[in-house]
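Engineer: This is the structure, below, for whatever I ask next.
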Amino acid sequence: MLLLECPYCGVKAEETELAPGGEAHLKRFGPGSAPEEFEAYMFARKNPKGVHFERWRHAYGCGKWFLAARDTATLEVFGTYPAQTSEPPADLVEKIRARRPDWKGYK
């Protein structure tokens, strides 16, 4: 079971109190974009074994969306941060690199 801390209300919640929202830090393409760009946005997702950045909603709490970094193989949670953040915070990246020296980055 995952235990994630909501960066807005500070509650440490089990995944049953949260709603998953898929991959984080996607570049969104909509009307007017090239068909290939829109197709990639809609259907192409990373599915790594290792560090992954995801969107979560504190569904049974404050209701806000936030982002989390976790390892998909071990379920280790590295941290959470606000959804309006365009890239992972530097301190979180350092924490991940300290635990996973072979990690290639989030992009």
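The values are calculated or read from the model by the stated rules, or taken from the named source; none is laboratory data. All values derive from a computational prediction rather than experimental measurement. Because the Cβ atoms are built from the backbone with ideal geometry, glycine has one as well, and the counts that use them run over all protein chains shown. SASA here: full protein model, heavy atoms, side chains in, ligands and nucleic acids out. Shrake-Rupley method; radii C 1.70, N 1.55, O 1.52, S 1.80 Å.
Engineer: Name the residues in region 73-106 that are charged (D, E, K, R) and over 20 Å from Trp56 (Cβ atoms), would you? Don't jump to the end; show me each part of the working.
Structural biologist: Residues of region 73-106 charged (D, E, K, R): 76, 87, 91, 94-95, 97, 99-100, 102, 104.
Correct list: Glu94, Arg97, Arg99, Arg100, Asp102, Lys104.
Engineer: Taking the condition of being surrounded by 12 or more Cβ atoms within 10 Å (Cβ to Cβ) and over 18 Å from Asp71 (Cβ atoms), how many residues in region 9-24 meet it?
Structural biologist: Here is the first cut: in region 9-24, the residues surrounded by 12 or more Cβ atoms within 10 Å (Cβ to Cβ) are 9, 11, 13, 15, 17-21, 23-24.
With over 18 Å from Asp71 (Cβ atoms) added as a condition, the list becomes 9, 11, 13, 17, 19, 21.
Result for region 9-24: 6.
Engineer: Can you find, within region 29-79, the residue that is surrounded by the fewest Cβ atoms within 10 Å (Cβ to Cβ) among those that are among the hydroxyl-bearing types (Ser, Thr, Tyr) and over 16 Å from Ala19 (Cβ atoms)?
Structural biologist: We begin by selecting, within region 29-79, every residue among the hydroxyl-bearing types (Ser, Thr, Tyr); these are 33, 41, 60, 72, 74.
Subsequent filtering for residues that are over 16 Å from Ala19 (Cβ atoms) retains 33, 41, 72, 74.
Numbers: Ser33: 13, Tyr41: 15, Thr72: 14, Thr74: 10.
Here the answer is Thr74.
Engineer: Additional query: Among the residues that make up region 92-104, is at least one of them over 13 Å from the mean Cα position of the chain (by Cα), open to solvent by less than 40 Å² (accessible area, probe 1.4 Å) and either modelled with pLDDT of 95 or more or of a type outside the set (Asp, Glu) (or both)?
Structural biologist: Checked against the condition, which is being over 13 Å from the mean Cα position of the chain (by Cα), open to solvent by less than 40 Å² (accessible area, probe 1.4 Å) and either modelled with pLDDT of 95 or more or of a type outside the set (Asp, Glu) (or both), region 92-104 yields at least one hit.
Engineer: Residues of region 3-55 being in contact with a Pro (Cβ under 9 Å, 6 or more places away or on another chain) and either among the aliphatic types (A, V, I, L, M) or assigned to a strand (DSSP E or B) (or both), which ones? Show your work before the answer.
Structural biologist: Of all residues in region 3-55, those in contact with a Pro (Cβ under 9 Å, 6 or more places away or on another chain) come to 7-8, 24-25, 38, 53-55.
Hits for region 3-55 are Ala24, Phe53, Glu54, Arg55.
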